[in-house]
Structure formats: C-alpha cells, structure tokens
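The values are calculated or read from the model by the stated rules, or taken from the named source; none is laboratory data. Please read all numbers here as calculations on a predicted model, not as lab measurements. Because the Cβ atoms are built from the backbone with ideal geometry, glycine has one as well, and the counts that use them run over all protein chains shown. Ligands, DNA and RNA are stripped out before the accessible areas are found, and what is left, the full protein with its side chains, is counted by its heavy atoms. Shrake-Rupley method; radii C 1.70, N 1.55, O 1.52, S 1.80 Å.
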Amino acid sequence: MILSGVSVQRRDSNGRLFTTLSVADLSIPAGARIGLAGPSGAGKSTLLDVMAGLLVPSTGTVTWGATVLSDLCDRERAVWRRTYVGQVFQDFLLIPELSILANVVLPLSFSQFWPSGDQRQRALDLIHDLGLKDAGRRAAVLSRGEQQRVALARALILRPSILLADEPTASLDQASAALVTDLLFDVVRQHQATLIIASHDPAILSRMDHVHHVVAGQLQEAS
Amino acid sequence: MNPLPMVWADLRAMRWSALITVLLIGIAVAIGVAVSAQERAMRQASARASDDFPLIIGAPSSQTQLVLTAVYLQAEALPLMDGNILNTLAQDPRVAGAAPLAYGDIVQGYPVVGTTQNFVTRWGRLQPIEGRLFEQENEAVIGFSVKLALGDAVMPSHGVAGHAPTPGVADEAEAENRHEHTQLKIVGRLPQLNSPWDRAILIPVESVWETHGLGNGHRMDDGPLGPPFDAEKVPNVPAIVAKPAQVAQAYQLRSTYRQNGTMALFPAEVLVQLYQAMGNVKEWLVLAAMINNIIVFLAILLLLVTLVGLRRRRYAILRALGATRGYVACIVGLGATILMTAGCGVGLVMGWGGAWLVSHFLTSQTGIVIDPRPSMDEFRLIGLMIGIGSLCAMLLAALAARGEPTTALRG
C-alpha cells in the first residue's frame, strides 16, 4: 500500500478548511508490521480510515497494488475493503445479539446467503485457535477479552491481506491485553498478513517492524 | 447477500419496541378491518333475513318500523289495517300467497307471531325438522333456537309497551300479563333460518285473535284454520306478507296497495335506505380509521427514525467490515417492513376477531345471525397499509444508508 500526498481536510464551525491529516509519502510492504503512535486526536484513526477506504482523502492517492482507492466508487471500495482488509476496533464492535459464530461469519453475509461448509469450518477453527469455547454463546455475555478475540476472528474470516487494528488492547486489562496481543501477532504471522496497529501501548509498539508517529495530523518518519 | 442475521439481531435488540410497534399498528389496522367486516356482515345478514318477505303490506305509518317489526320482530305496536285485505289478496291473480302477521304476545321472552301454515312453511319451502305444523288454534310451532321442547305447554303473555323481553327468560312483567285462558302446545320445530324468526313461536293467527277477544275470523268457531276468512268477522291486522305470482307483478301490487288506507313496500327498499345510512357511517368510520392509521404510522416512523439514529454506529461497523450502503439499507428496510407487515397481520386477525365478537353480541341481541367472513376489502386495506409501510421503510433505509460511517464508527 502506498499513500502519496494524502491529506484529509474538514471544515470548522466557521466553515474554514483545516487539515486533520497529512501524509507526504508512506509505503507499506506486504507482510510488514507497522505501528502508529501519537497522542489521542492526532489523526491515527483517520489514517486507518483512509487506509481502509472508509474515508476518501481530500488530496493525494492511496494505491493498493494497481488499484487507486480514491478512483473507486463507494460500493467498489466496500467490496475492496471486505476482500482485502480486516479491522479490529478498540471497542470490539461486535453485534451483541448474535452468537460468536454469527459474528465471525457476519462479513460473509455481505456477499453470499449462507457460508459454505468450508467457510463455516474455518470460522470454527479460528474460534478454537483463539481459545474461545462454545461458539453458540451470544456476544453480549462474553468478557471483554473474549469479545476482542471474536473481533479478531471476524477480521480474519475472509483471509485479509492487511489487518488494521485501532487501539486493540486499550479496553482490556493487562492480562487480557497481553493475551490478545500474542494472539494478534500469531494469527497475522500464520496468515502472512500486513499488520497496521494504532496504539499507545509500548508493549505492542515494541513488537512492530516500524513505528510511525502521528503528531497534529502529520505523519513523521518511522523509528 | 443475506441481511437476515442482522435483521434478526436488530429486531432482537429492539424486541420491546418492536412488540409495541406491532401492537400499535395492529390496533390501528384492526379498527379499519373491523368496521369494514362488520358493516358488510350486517348488510348481508339483514338482507338474508328479509328473503322470505317479498312484499309487506301494512297500515300507513313508518316504513322502517313496518320492516323492523314484520321482518326482524322488533317489538313495536303497529297501526292496524282492515283484515279484509287478506281476502282481497287471496282473490288477486297477481298474488301467489298472502299471510297475516299478528304480533304482540310473548312466551318466555320469545315473540309469538300469529300467521298461517302457508307462511310458516314459507309457501312450501320449509318443513319442520321436528314434529309437525300446527293444526289447531292451541298448537304452536317454534323456531330453531327456542328453548322449549315438543309437547311443552305454555301460556302467552301480552306484550307491554316499554317492556324489553329477553329471549328465554320469563320475567315479572311477563308473569303479570299472562293470558290465563290460552294454553299453547308445542307441536313442531322449524329449521334454522339465521334470522330473528329462529326465536319466534308461530301460532295460528286465529289463536291470536281469539286470545284478544276478537273472534277467530271465521263464520264457524271450529272451522279449518287459515284463509279464506269471513269478510264480516276477520279482525284488523298489523301486517300482511304477500308473495307475488311473478316478479313483474310485484311492482303492480306495491302500487295497488299503496293507496286506500294501506302501505306496501319491498323490505329491500327500506334496507337500501338503511344501508345507505350505514354506508355513510361506514365511510366516515373508515376515513377516521385511515387518519388514525396514518397518525400511528407517522408516530412509528418517528420512533424508527430515532432507533435508526441510535444505531448509526452499528451500521457504521457493517460498512467498515465491507458492507455496501445497499446492504445496510436492506437491513433497515426489511426490518421496518417486517414490523409493518406483522402489525398489519395482527391487525387483520384482531379486526376479524373484533368483528366476530361484535357480531356474536348482535346475534345474541337480535337473533339475526351475523357471520363476518374475510373479504378482499380487508386484504385491499392491508395491502394499502403494507404499501404505505414499505414506503416508510424505504425512507428509513435511505436514512440509514446515507452519510459516511467514519464519524459514527468512532463514537
């Protein structure tokens, strides 16, 4: 993934344009583990949204292989996102009324009616590999650590090439955070996916190949 | 794609709101359905009940009252007309049959009607399902629903103005006004007619006249029952039902007997006026129900708009995971349509149930068997409601699908 001359601009309450994110040039090789560090509100999540194709930058281009994301229409970006991108959020964002299994296979329902036997088995394997028991339990009754593991399984169900995680351990206690971090790195290694994590957690950032700092919307050199 | 898991999740998340929504829509729709089904059932039942009364002749007074008393046995004193008209009718070649109807007495709350064997059998169409027809003045044939047995002996009572007897109940007023010298023996039971006549006790008209000290209408005391009556002795009668020999002659007869101190009418023409009034009332009630429905739909639409607003983050998650706007719109639209359709279904059942209850009550009060049955009218109403509901659902869907998910996603 290559970001070139990317900026995201918004209007303030007086209608004046201001820049919330500016990335001169960022190239992310396949299989890399990239950390995004910086204070809250600096623009890390906005950068993840741009990489996920959720937010079209005001200027510049985001290129994935031969595909320029900003050239795609909304629907095409949605299809691209579910094909190549897995996402994990700070608040897990599960559907509490659905079971563990139903949450994990939810992204499949965007493009097909029922999961195939193989897909269902893959979901159950992921659930098992992530240490979750009883796939029929509703998400609402799970602990926070379990919820984040379900979110991780959901992100991986379509074998994404790139996994974006926004503060994946911020809502977890220390023990759960360590467990989820280990699982995250394990599964990414197994799936040979590119991992991009926005986090304040030094334990996570220390395990990344490169860490970019985002300060006041400006992406700084990797450390 | 398969929006059903998310539709299910949404409905489960809002189960109490969903239940109340379905009930509110159900009640709103039920009012319209009940009004429509009830009015139609009453119209059909009242028309069916008048089938055996092609032409009614009475003394000039209220046409409606004549029909209500003669056909529906609503206790009311009618003015009398010259009984000799019976003989005139008997000699008229345009008349296939004519029978007097004499009202006023009751037995255990059941109206007693004096008439002829010819009318009891509806000019040969009916036969008793138990026993036989009356052959003597002190014999009676009972309607299908009269709770008396063959062989029972009963004593009629004089009906009193303002007294509303309850069928099957011999009350104090009835006991006080008994015709002590008249005893009737039940000799037959008629088949079910689904009309107030199922609750009537039919006796020879001569018996009514005798009981009231008017003789028996014949020259001899123990002559045969029924026409011809003696011109000098036949008492006045409140109503005569006549059967024209041919349909075309019915209008001539009506014209003939609308002069010289009589009034003739087809029950249908009075019923048409009543239906017109009922129809006007129905139209207003349906209009009121429609306005009511629209208000309820708008209220529910606002509720769902609020719920969709509260779910913005939920739908943003789906977008972030790769769902298209169409998928989100489909979830919201389908969910709202399911609620609206379920509400309409519940309303249909509640409406018919309500109409059935009201009909049951009216039947118990009037004896007219009112049987509300499903009709296309209700399905059309439901179709309209579901159509409006689907439009509302599309609006909601458009609302849910618009906007960028990033803001909602970050809470």
Consider only pairs whose beta carbons are under 6 Å apart and that are at least six residues apart or on different chains; among these, list those whose first residue lies in the stretch A:69-96 and is closer than 21 Å to A:Ser4 by Cβ and whose second residue is open to solvent by 50 Å² or more (accessible area, probe 1.4 Å) and of a type in the set (Ser, Thr, Tyr). A:Ser70/A:Thr61
Cβ-Cβ below 8 Å, separation at least six or inter-chain, first residue in the stretch B:31-56 and under 18 Å from B:Gln192 (Cα atoms), second in a strand (DSSP E or B) and among the β-branched types (Val, Ile, Thr): which pairs? B:Asp52/B:Val241; B:Phe53/B:Val241
Within the stretch A:1-29, considering residues that are under 26 Å from A:Asp186 (Cα atoms) and in a loop (DSSP other than H, G, I, E, B), the one most open to solvent (accessible area, probe 1.4 Å): A:Pro29
Flagged pairs (Cβ under 8 angstrom, 6 or more apart or on separate chains; first in the stretch B:139-152, more than 15 Å from B:Gln183 (Cα to Cα); second polar (S, T, N, Q) and open to solvent by 10 Å² or more (accessible area, probe 1.4 Å)) are B:Phe144/B:Gln192; B:Ser145/B:Gln192; B:Lys147/B:Gln108
The condition from (1) out of contact with any Pro (no Cβ under 7 Å at 6 or more places or on another chain); (2) buried (at least 24 other Cβ atoms within 10 Å of the Cβ); (3) of a type outside the set (D, E, K, R); (4) more than 14 Å from chain A (Cβ to nearest Cβ) that B:Val349 misses is numbered (2)
From (1) over 22 Å from B:Phe361 (Cβ atoms); (2) buried (at least 17 other Cβ atoms within 10 Å of the Cβ); (3) of a type outside the set (S, T, N, Q), pick out the condition that doesn't hold for B:Gly26. (1)
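Specify which of the listed residues (B:Ala342, B:Ala408, B:Ala336, B:Ala397) is within 14 Å of chain A (Cβ to nearest Cβ), in contact (Cβ under 8 Å) with a residue 40 or more places away in the chain and of a type in the set (A, V, I, L, M). If you could, list the steps in order and put the result at the bottom.
Values: B:Ala342 fails: within 14 Å of chain A (Cβ to nearest Cβ); B:Ala336 fails: within 14 Å of chain A (Cβ to nearest Cβ); B:Ala397 fails: within 14 Å of chain A (Cβ to nearest Cβ).
Step by step, each of B:Ala342, B:Ala408, B:Ala336, B:Ala397 is checked, and only B:Ala408 is within 14 Å of chain A (Cβ to nearest Cβ), in contact (Cβ under 8 Å) with a residue 40 or more places away in the chain and of a type in the set (A, V, I, L, M).
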Just name the residue that is most open to solvent (accessible area, probe 1.4 Å) out of those in the stretch B:29-62 that are closer than 30 Å to B:Phe379 by Cα and not in a helix (DSSP H, G or I). B:Asp51
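Looking at the stretch B:235-261, which of its residues are among the aromatic types (Phe, Trp, Tyr) and not in a loop (DSSP other than H, G, I, E, B)? If you could, list the steps in order and put the result at the bottom.
Within the stretch B:235-261, the first condition is being among the aromatic types (Phe, Trp, Tyr), and the residues that meet it are B:251, B:257.
Across the stretch B:235-261, the qualifying residue is only B:Tyr251.
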Taking the stretch A:57-89 on its own, how many of its residues are within 9 Å of another protein chain (Cβ to nearest Cβ) and outside any helix (DSSP H, G or I)? 4
Just need a number here: residues in the stretch A:207-223 that are at pLDDT 90 or above and either crowded, with 21+ Cβ neighbours inside 10 Å or closer than 18 Å to A:Leu163 by Cα (or both). 7
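State yes or no: is A:Thr59 open to solvent by 30 Å² or more (accessible area, probe 1.4 Å), without any contact (Cβ under 8 Å) to a residue 40 or more places away in the chain and either of a type outside the set (Lys, Arg) or more than 19 Å from B:Leu318 (Cα to Cα) (or both)? It would help to see each step written out before you state the result.
Details: open to solvent by 30 Å² or more (accessible area, probe 1.4 Å): yes; without any contact (Cβ under 8 Å) to a residue 40 or more places away in the chain: no; either of a type outside the set (Lys, Arg) or more than 19 Å from B:Leu318 (Cα to Cα) (or both): yes.
No: the conditions fail for A:Thr59.
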Within the stretch B:360-408, the residues that are assigned to a helix (DSSP H, G or I) and open to solvent by 90 Å² or more (accessible area, probe 1.4 Å) are B:His360, B:Phe361, B:Gln365, B:Met376, B:Phe379, B:Arg380, B:Leu391, B:Met394, B:Leu395, B:Thr407
Working only within the stretch B:279-331, note down all residues that are of a type outside the set (Val, Ile, Thr), open to solvent by 10 Å² or more (accessible area, probe 1.4 Å), outside any helix (DSSP H, G or I) and in contact with a helix residue (DSSP H, G or I) (Cβ under 6 Å, 6 or more places away or on another chain). B:Leu321
Name the single residue that is nearest to the other protein chains (Cβ to nearest Cβ) among those in the stretch B:1-10 being part of a helix (DSSP H, G or I) and either open to solvent by less than 40 Å² (accessible area, probe 1.4 Å) or in contact with a Lys or Arg (Cβ under 8 Å, 6 or more places away or on another chain) (or both). B:Ala9
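Sort through B:Met290, B:Met340, B:Met278 and tell me the only one that's closer than 28 Å to A:Pro107 by Cα and not acidic (Asp, Glu).
Numbers: B:Met290 fails: closer than 28 Å to A:Pro107 by Cα; B:Met278 fails: closer than 28 Å to A:Pro107 by Cα.
That would be B:Met340, the only listed residue that is closer than 28 Å to A:Pro107 by Cα and not acidic (Asp, Glu).
Going by what's in this entry, would B:Leu265 be described as more than 27 Å from the chain's Cα centre (by Cα) and either of a type in the set (A, V, I, L, M, F, W, C) or within 14 Å of another protein chain (Cβ to nearest Cβ) (or both)? Steps first, please.
Values: more than 27 Å from the chain's Cα centre (by Cα): no; either of a type in the set (A, V, I, L, M, F, W, C) or within 14 Å of another protein chain (Cβ to nearest Cβ) (or both): yes.
So B:Leu265 does not fit the description; no.
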Those residues that are more than 10 Å from every other protein chain (Cβ to nearest Cβ), part of a loop (DSSP other than H, G, I, E, B) and either open to solvent by 60 Å² or more (accessible area, probe 1.4 Å) or polar (S, T, N, Q) (or both), I need them from the stretch A:30-56; list them, please. A:Ala30, A:Pro39, A:Ser40, A:Gly41
Residue pairs meeting the criteria (Cβ under 6 Å; at least 6 apart or on separate chains; first at the interface with chain B (Cβ under 8 Å from one of its Cβ atoms), in the stretch A:104-118; second aromatic (Phe, Trp, Tyr) and surrounded by 12 or more Cβ atoms within 10 Å (Cβ to Cβ)): A:Phe110/B:Tyr327
Every residue from the stretch A:175-199 that is open to solvent by 10 Å² or more (accessible area, probe 1.4 Å) and part of a loop (DSSP other than H, G, I, E, B): A:Gln192
Quick check on this structure: which one of A:Leu172, A:Leu152, A:Leu132 is open to solvent by less than 50 Å² (accessible area, probe 1.4 Å), in a loop (DSSP other than H, G, I, E, B) and closer than 30 Å to A:Gly43 by Cβ? A:Leu172
